[in-house]
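Have a look at the structure below, then the notes.
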Amino acid sequence: ITGHPFTVVGVAAPGFHSVFSGDSPAIFVPMMMKPQITPGWNDLDARRSSWLNIIGRLQPSLPRDQAQAGIDPLWHSIRAEEFRQMGHSSQRFREAFLTKSHLFLVDGSRGVRMTGGVSTALLVVMAMAGLMVLMASANVGGLLLVRAGARTREISLRYALGAKRRQVIQQLLAEGLLLGLAGGIAGIVLAPQISAFLTRILWAKTNGELAFSSHPDFRVLIFNFALTLLVSLLFSLAPAVQFWRPNPAPALKQQMSTIARGPLRLRRALVVAQISLSLLLLIAAGLFVRTLRNLKTLNVGFTTENLITFTIDPRLAGYEPG
């Protein structure tokens, strides 16, 4: 490598890329060989240089609090030596640089920092997905209210035949839960295909296997069904409230337009919320497409078709800086 012989001492396990997404190195070398790998850019002894990401594995019997308490003295000793070399005498700087400085151990089991704009792209996708969930919930709630209005005569007949209020409410809640669970199951079935499709679009230029998985895990399943249960109960209660105090006489006389004023206002509110969310999502999508179009048609001052850009560092071939 750059004219220096290296001995292969191991091969990474299949599927291992690195501990940071967006960074998939082809080889791993000891850190102390950095001067040979990147001549002219050592920075191993540069105090102000910041380019290392430190990740460690705790012993199974060592709590994180104990490890934090053990690493603090080492951190403060390093900072004290750096402060001595800097030659500052300001008490304010000493407190900021030394006294108030701490090295925190962050749990890596929840994932590590993403690079290459991955986190921003995921936040945008999650925001759009959240708007779609709100729109779908409002739509389903409106449909359930319309369906309950069409069943006014049926429910009134049940009350007239002796059905208890508890039985009617339980039936409406059970129907809403079954409908919501069916939608949740359909979402879990379609989620892997849709997420894989979005991943291919966002990282279409990535060669080989991605450094992370887009398949739903157990936490996604729990969130999905918890959200399904919450939305189903919420929008199943609206039709149930409509029949909380029934008035069977008008419905049994074929007077079908006996929807209470409260549910009617709720239906109108759901329609307004759905239209507002749809307009917000359309505006965001339009601005996003317009931004992409502007970037694609930006005049950079030269012809960009059929061009390839790359850099060459002659020092990697042994040339001395001129």
Along segment 183-189, Karplus-curve 3J(HN,Hα) (6.51, -1.76, 1.60; θ = phi - 60°) to the nearest Hz, with x for Gly and Pro, reads x, x, 5, 4, x, 5, 5
For I201 and R268, what is the calculated FRET efficiency with R₀ set at 25 Å and r taken between the beta-carbons, to the nearest 0.05?
-> 0.10
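Could you tell me the calculated FRET efficiency between A163 and I222, based on Cβ-Cβ distance and R0 = 41 angstrom, to the nearest 0.05?
On the way: r = 36 Å, r/R0 = 0.87.
Plugging the Cβ-Cβ distance into 1/(1 + (r/R0)^6) gives 0.70.
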Result for segment 1-109: accessible area per residue, probe 1.4 angstrom, in square angstrom, of 80
Modelled label-to-label distance, A136 and F97, 7 Å Cα→beta-carbon offset: nm?
-> 5.5
Subtracting the Cα-Cα distance from 0.36 nm times the residue separation, let me have the gained length for L74 to L298 in nm, one decimal.
-> 75.5 nm
Computed FRET value (nearest 0.05) for A129 with H17, which takes r as the C-beta separation and R₀ as 25 Å | 0.45
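The values are calculated or read from the model by the stated rules, or taken from the named source; none is laboratory data. Just so you know, these numbers come straight off a predicted model, no measurement behind them. Don't worry about glycine lacking a Cβ; one is built from the backbone with ideal geometry, like all the others, and counts go over all protein chains shown. Quick note on the areas: whole protein, heavy atoms, side chains included, nothing else; ligands and nucleic acids left out. Shrake-Rupley method; radii C 1.70, N 1.55, O 1.52, S 1.80 Å.
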